[in-house]
Each structure stands twice: as C-alpha cells, then as structure tokens.
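Since the structure comes first, as structure tokens, the remarks are kept for the end.
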Amino acid sequence: MPWTEKSVKDQREEFVLLAKLAGANVSELSRRFGISRQTAYKWLGRYDAAVPDAGLSDRSSRPLASPRRSAPDLERQILALRAEKLAWGGRKIAKVLEREQALSVAPSTVNSILKRNGCISLQASRAATPWQRFEHCEPNDLWQMDFKGHFALHEGRCHPLTAIDDHSRYSLVLKALKQERCADVQLALTQAFERYGLPRRINADNGAPWGSYVRVPGRRPLTHLGVWLIRLGISLSHSRPRHPQTNGKDERFHRTLKAELISRKQLGTMEHAQREFDAWRHEYNHRRPHEALQLQTPSQRYQSSSRPYPRSLEPIEYLDGDLVRKVDESGWVSFKGRPIKVSRALTGYNVALRADPLDEEFWQIYFCHARIATVKLPAKRLG
C-alpha cells in the first residue's frame, strides 16, 4: 500500500507505533507498509514517544511544556482543546494535556473549567456514566465489521464501512463507499489484511454482503464474501437478528464517528469524505484517549496479526474419512441419492460430509474449516 503525500506523516506514525510493540516483526510490517527495512529503522530511530511528531514532520518551535504556566493560560489551553474536540470530556482532555503538553491537571478540574465556561450542559453531565464491556483477550482474536447508516453528501450518499479490533478498539477500516457491494467490501478488507494481517474471526451483521436474512434451520447463511473469508482461514460469525449489540463495539464506534466528525463537518464528495475519515481515524487510533481502555489510545493496545495475508491460497484438504462432493452451479450436492441444498456461493467448490459422532442420522457439511450445515439422513451408512 503506497504512502500518499497527504497522509505520509500519519502512516509513518502508525508504522512506528505498531513496530515498537513487544514482539512486533519489523521486517513483516515494513513489507506490509511498502517500505524498506532501512527506512523503517530510520523512522524508528527518529521517533520520540514524548513528542510524537518529532522527526516525522515539521513542528512549531514553540515549547510543548511550560512549568510556570499560569492558571489563566491553563484554562485557555483546556478551552482551546475543547473547541478543537467538542465531543471530548474532562478525562480525555486531561490525558491529552498530560501526554502531549506535560501538564498535570485533574479531570475534575477540567470539567469544572468546561462547566464554568458553558461547555458542558447538566444533561450531558448526567448522561456520562462509565461502564465496562466484555472484550477478547488478544488483538485480532475478533474484528467487528459493519456499515454505518448512510448519510447525504453534497453529491450523492456515503455508506461508511467500518471494522474495529475487539480487544483494542483499533480502527482497521473506515472507508467511504457509494454502495454496500460485496466487491467494495472485499477490496477494503484486502487492503486491511495486507497491512494488519489476518484476524482469527470476523463478526458481521446479517444480510448482504455478509450473509442472508433468510434462515434455514441447520444451515449457515453464506455469500461470496463469506466464502472468501472462510477460504482465507478466517472464522465468520453473524450477529443475532435484530440484536445490533452483538457488534456493540462497532456500533459504539459509529456513534463516536457521528458525534466527532459526521455531524460536525459538511462533506461534499466521496473523496472529501475519505480525506476526513483518514485524518479522524488516525487521531482516533493514536491520539484520542478511550474511556473503556483506561484512557489509553487504541494503538497502545493493538498489535498487528502474526498471520500475513497469503499471496496464494493452499489447496483445500479434508479429513481422510470425509465424503467429498462438488457443489453444482445451482448450489446443490448429491449424497446417498438425495439432493442437498448447500449454497450457490460455493458453486464449483468441494465440500465434505462428515458423520455426526453422536447421532448416526445426522451428517455435518464442512467447507474448509467451517461447518456450514447439518442435515438429517436415513441411518444406513455408505459402504
């Protein structure tokens, strides 16, 4: 993925933050970011965590810290950051001032200043109730992916495609799309896989392009996108119908995206929307403190996957005892003289039928590692 001129500093910083994590493979990350190892170590050598932009782009010569700063100056600093980030509260502002300006100020002090200057309403203060979510233990154990509700641009409508890492809340995909098409989703995911590697599992909504709202007992809804993900060795799961909280972290990300960007910017074209998305995504990942992460940033919790995106796919192999059948162009296989509907998305692929070890009347159908159906057949076995 080449580094464009307008986003080069952000991409340098993203590379450095990922490469500095314990256990990071600098050579593999360099390949994913399209840079040489020499360039990689140059940016690693220049980077200074205390001053994140140092060495990565030109900075103002104004001092970042002033130990003798007066209270009025501190208040102006807080209000300036609040004016820049209208959706941020006292904890986020205090954390950023400590990290970037070496200013130690209590979140309660920040909130008092914001309230005194009319920046926080009583209703907003009462609504700010922190709570904890379940999260997976490691980065890339699970990615949550979905489309945010579309919104109007000056030219057409934008359908934002998003994916976040469950453990770290790291934003992996934020793509402005004209439509919710399988080909566009696959391209966006390919770019994410090339940069961050493969997750173990992706959870997505029901319906196209992820699955099918038409549910058949004993069968998984499969689309061409789902088949592609399974073929890559990624487990695919779906949210329960009418239960968006199953993808709760991505839903929360959507609300943050709307509050901090979409509702505050006039976006004209798809290209304009993407530029704003890219800048906001970098800030969300690397600067914005996250309440659910004890005010760490997502980049402090995220590490790219050790499973690289494969240049080519290995042949599909099944167990020695499996009965293998090829799916016809209508999505059916024949077994024991009986036609079984599998999925048209699997046309031309081999699937395996495996006897259920607990009930001889049932057979399980597998595609690669994924069980895609369970069917009931007469008890008599082949042979």
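Here are the numbers for this structure:
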{"item": "Positions within the range 302-318 being aliphatic (A, V, I, L, M) and in contact with a Phe, Trp or Tyr (Cβ under 9 Å, 6 or more places away or on another chain), in sequence order", "result": "ILE316"}
{"item": "Pair list, Cβ under 8 Å, 6 or more apart: the range 284-307 residue at pLDDT 90 or above, other residue aromatic (Phe, Trp, Tyr) and part of a helix (DSSP H, G or I)", "result": "PRO298/TYR284; SER304/TYR196; SER305/TYR196"}
{"item": "Filter result (within 15 Å of PHE253 (Cβ to Cβ) and free of Cβ contacts under 8 Å to residues at least 60 places away in the same chain) within the range 149-191", "result": "LEU161, LEU172, VAL173"}
{"item": "Residue among GLU283, GLU260 that alone is outside the structural domain of ALA355 (by TED's automatic domain parsing) and either among the small types (Gly, Ala, Ser) or surrounded by 17 or more Cβ atoms within 10 Å (Cβ to Cβ) (or both)", "result": "GLU260"}
{"item": "Selection count, the range 206-263, where residues are of a type in the set (Lys, Arg), modelled with pLDDT of 90 or more and more than 19 Å from the chain's Cα centre (by Cα)", "result": "1"}
{"item": "Those residues of the range 111-148 which are within 28 Å of SER299 (Cα to Cα), loosely packed, with under 10 Cβ neighbours inside 10 Å and modelled with pLDDT of 60 or more, in sequence order", "result": "CYS137"}
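The values are calculated or read from the model by the stated rules, or taken from the named source; none is laboratory data. Because the structure is a prediction, the values reported are computed rather than measured. Neighbour counts are summed over all protein chains in view; Cβ atoms, including those assigned to glycine, are modelled from backbone coordinates with ideal geometry.
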